Each structure stands twice: as structure tokens, then as C-alpha cells.
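Asks: What follows is a single structure, and I will ask about it in a moment.
The values are calculated or read from the model by the stated rules, or taken from the named source; none is laboratory data. Computed from a predicted model, the values in this text were never measured in an experiment. Neighbour counts are summed over all protein chains in view; Cβ atoms, including those assigned to glycine, are modelled from backbone coordinates with ideal geometry. Please note that ligands, DNA and RNA were not included when accessible areas were found on the heavy atoms of the full protein model with its side chains. Shrake-Rupley method; radii C 1.70, N 1.55, O 1.52, S 1.80 Å.
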Amino acid sequence: MAKKPEMNADGEPLAVIIKKYANRRLYNTESSSYITLEHLAKLTREGREFKVLDAKTNEDITHSVLTQIIMDEESRGETMLPSSFLRQIISMYGDSMQSVVPQYLEASMVAFRRNQAQFHDALKGALTAGPFAELTKRNMAMFEAAASAFKPGSMDGNAAVAQEPTDAPTKDDEIAALKAQLASLQAKQG
């Protein structure tokens, strides 16, 4: 059974300490178990902080282990880092700007993640508000009703139809509403 993670003063989990032994095995001190690089990649995706220490010297080797995870991920097929980008990174070693690159890359990644979250929120908002929100809700209801007809235990194919609310608008009402929304959108653009 895994131990509950230790918390800092803010109630957030402390970094998990991973020990790397000479035989290349990784030991998670939190769960008291041996783990793999894939497990560390999963912890990273979950947002868990960890620190990898050489078991013999206690040296922090987190950076090299994270680099190894990236190499493993890149070798699995779908590459994320284009060769031209890697060449540019390599060319920066020894350059007078080398000390600035890590902060720049980190700030760029933070901005990318923030933009990604904003895009996700905007997309979610577009589907739940605005002129197409009602259409999206109706389509989802129809999809769920159709899917429930194929679930085990449904009496027959008409079970989904029988579950439709009786106060649902008719097809003519829906078409009229869509035409009105389209006309409104065209008027705003024109």
C-alpha cells in the first residue's frame, strides 16, 4: 500500500524523492517501490514534482533523467521536437546567450500552456453559450438517446424515442430558430 504523500505548508505535495541505483533501477521513496521511466513520465503529466538522486552520491540527477524521458518519448514514433529546433538548441551551447536560453524556453512554455488553457476554455464556452449552444445541447441529447438504444438491456430500438421529452420543439420550430440565428449572424457580419 502506497504511503500518503507528505505535504508542504501550503498543503501541496512535496517533491517525491526517487533514488537511482548503479544498476539503473529507480526507487520511489514515497511508494517504497521500484519504478520505470514511464512512471516518471506519468508523474510529470499529472503535475507531480519529483527529484531524482544518485543513490550512492546523493547528487541531483533529475535533469539528466528528464532528458532521458524525452529521448525515450521521441524514439517511440511521434516526435514533438523537430530536428531544426534540436540543432538550434545544440548550437546555443557555448554561445554568449546560453545563460538566457533556459529562462526564455521556460517562459515560452508557460505562455504556451496559458494560451492552451485559454483556448480550451474559449472552446468550451463557445459550445455552452452563444448561438450554437442550444443546437449543441440538442445534438448531444439526440446522440445520447441514439446511443442508449444500443446499450445492453434496452427493450428495443424505440426506447430512446420513448424517452424524449414531450415539450421538445418540433422540427419546423428548430428550423425556424436556426434560420433566425443564421439571419442574425449574417446581419452582424454584413
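Asks: With a 1.4 Å probe and every protein chain kept in, tell me what percent of the accessible surface of region 29-81 is carbon plus sulfur.
Replies: 53 percent
Asks: Taking only protein heavy atoms into account and a 1.4 Å probe, give the accessible area per residue of region 1-117 in Å².
Replies: 78 Å²
Asks: Do the alpha carbons of any pairs in Lys124/Lys188; Lys42/Lys137; Lys19/Lys124 sit beyond 31 Å of each other, and which pairs?
Replies: Result: Lys42/Lys137; Lys19/Lys124 exceed 31 Å.
Asks: How much FRET efficiency would the formula 1/(1 + (r/R0)^6) give for Gln118 and Arg24, where r is the Cβ-Cβ distance and R0 is 41 Å, rounded to 0.05?
Replies: It comes to 0.50.
Asks: Solvent-accessible area of Leu123, probe 1.4 Å, all protein chains present, reported in Å² to the nearest ten, please.
Replies: My reading of the accessible area for Leu123 is about 90 Å².
Asks: When the solvent-accessible surface of protein heavy atoms is calculated with a 1.4 angstrom probe, in what order do Met80, Met71 fall, highest first? Mind dumping the intermediate values first?
Replies: Values: Met80 150, Met71 110 Å².
Output order, biggest surface exposure first: Met80, Met71.
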